[in-house]
Structure formats: structure tokens, C-alpha cells
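Asks: First the structure, then my questions, so here it is.
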Amino acid sequence: MATSLKKFIITTVDKKAPGPPTAFTPFHIYCALEQLSQGPIGRNKLADKLGVGDGTIRTIINRLKDADLILNTKEGGTLTTRGQRVWQQFEQVFPQRTEIPKTELTISEFNYGFMIKNQKDKVKSGIDQRDAAIIAGAKRVIVLITDQKGLQVASVDQNIEEEYTTATKEILKKLTPQNKDVIIIAGAETPLKAKTGAFAAAWTLIDP
């Protein structure tokens, strides 16, 4: 299911059309579906949530309509049945997403975390995830994995729960990983950049 999801989202973003290249990414599709899953939303409000301009939001909405993911109502855009199914796929691969408070591990003013189910074995050093997050606008990234030893920083064979007790408690209040799950937390100077960075890093763990 995750494989078909990524292919579908990439195709939606990269769809050929006249004019300049698209100014949005899979994150914008994800974020649009997230907002629409909460109920009808108007175009201007959606653009504000995604941090894009009028032209870009028009293109995003048109792509979502062409893919049969949304339709317009008097109250605003809303998910179609297909849109709801796609959003459910996102929730399966990223079951928990949340803001994370500032701690000795998450030191940025704004931090956002994604939990990715059962993808520990795809994390090597964590460099690929950090690179993706930085390119997307984050300033700092921490990649955590879970196994029988507990919560660890990727590539560091050390349980962090004893050394960073307070930080770990704060993180685990928000995210509740199980064995082989991955937590990615990105920090940035704005909430949107932190969320964008965390998504970009998490997206690398989903097979194309």
C-alpha cells in the first residue's frame, strides 16, 4: 500500500502541464489532504496553511481535482471517497504526527515529529533523512529508532532514555513507537518549515 501511495503522489505532483514547472512537492499534497480530512476548507485558508501563493494553490487544487481526490462545495473543498482512501494510506504509514516541545534534544524554537511504522531497517546512518529535511527548510533533524534496547539515535548504539530522560519523556508523551518504528523530528525557525522538513525526511523511508 505504501508503495502505490508514493507513486501516486509523485505522479500527481509531476503531472505534465503547460507553463513553468510546479512550485510544490509531495508535502503540499500531504498537507492539503490533511487539512481537507478535517472538513471543508476554502482556497485562501488552505493556501495559508500550506504557505503558498494564489497561483500555486490553484494548481494544487486542480491537480487534486484531476486525481479525483477533492471536490468543491459551498463550504469549500472536501475529500472525495478516493481522497479519503488516500488520506487513510498516509495515516497508516505516518500514524502519529505532532509538534514536539523544545528540549535538550529538540533545541529549535519549533519542532515537529513524524512516526513511521516498521521502517527501522531502512535507516542506515540517518544522513539521507537529515539531508532531505535540510533541503526542505529544516535547521536540525534527529532520527530515532526503536528496538529491544529502547529509543536510540540512528547509527548510535545507545539507549537515550537514561542520558536524556526529560527529553525522552516529552517525546514519548507525543509519540508512542513500537519495535522497529522510526521517529523523525525536524526543527526550524517556523512551525511550517519544521513540519515540511520532518515530512521530507519521513518520505525517504517510503518505497517508490
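Asks: Do the sum for the chain: with -39,500 (n - 2.57) for every DSSP H run of n ≥ 4, divided by all residues, what is the mean residue ellipticity at 222 nm, to the nearest 500 deg cm²/dmol?
Replies: Numbers: 8 runs with 90 residues, N = 208.
Calculated from helices alone, the mean residue ellipticity at 222 nm is -13000 deg cm²/dmol.
Asks: Let me ask another. Could you work out the local net charge near Ser108, counting Lys and Arg as +1, Asp and Glu as -1, over the other residues with Cβ closer than 10 Å to its Cβ? Mind showing how you got there, number by number?
Replies: Numbers: positive: Lys102, Lys139, Arg140, Lys193; negative: Glu109, Glu189.
Within the 10 Å Cβ shell, the charges total +2.
Asks: Ok, one more. Test of understanding: what is the full-extension gain from Lys149 to Gln84, defined as 0.36 nm times their sequence separation minus their Cα-Cα distance? Walk me through the numbers before you get to the answer.
Replies: Working: separation 65, 0.36 × 65 = 23.40 nm, distance 3.69 nm.
Result for the pair: 19.7 nm of gain on full extension.
Asks: Relative to the longest principal Cα axis of the chain, at what angle does helix 165-174 sit, 0 to 90 degrees, rounded to 10?
Replies: Result, in degrees: 30.
Asks: What is the dipole size for the stretch 1-146, taken about its Cα centre, with +1 at each Lys and Arg Cβ and -1 at each Asp and Glu Cβ, in debye to the nearest 20? Numbers along the way, then the final one.
Replies: Details: 22 positive and 14 negative charges, 60 e Å.
Charge dipole, the stretch 1-146, about its Cα centre: 280 debye, nearest 20.
Asks: Debye calculation, C-alpha points only, no solvent: report log10 I(q)/I(0) for the stretch 95-203 at q = 0.10, 0.17, 0.18 Å⁻¹, in the same order as the q values.
Replies: Each listed q corresponds, in turn, to -0.22, -0.67, -0.76.
Asks: Please report how many Lys pairs in the stretch 2-91 have alpha carbons closer than 27 angstrom, counting only residues at least 8 apart along the chain or sitting on separate chains.
Replies: Taking the Cα cut-off of 27 Å, the pair count is 20.
Asks: With equal scatterers on the alpha carbons only and no solvent term, can you work out the Debye log10 of I(q)/I(0) for the stretch 2-91 at 0.20, 0.21, 0.23 1/Å?
Replies: -0.91, -1.01, -1.22
Asks: Another question, then. Restricting to Cα atoms and excluding each atom paired with itself, what does the Kirkwood estimate give for the chain in Å? List each step's numbers first, then the result.
Replies: On the way: mean 1/r = 0.0568 Å⁻¹.
The Cα-based Kirkwood calculation yields 17.6 Å.
Asks: Compare the Cα positions of Thr166, Ser125, Phe199 along the charge dipole of the stretch 95-203 (+1 at Cβ of Lys, Arg; -1 at Cβ of Asp, Glu; about the Cα centre) and return the one farthest towards the positive end.
Replies: It is Phe199, whose Cα lies furthest towards the positive end.
Any read-out appearing in this document is the output of simple, stated calculations on the displayed coordinates, not a laboratory observation. Predicted model only: the values in this text are computed from it and were never measured. Every residue, glycine as well, gets a Cβ built from its backbone with ideal geometry; the counts of neighbours run over all protein chains shown.
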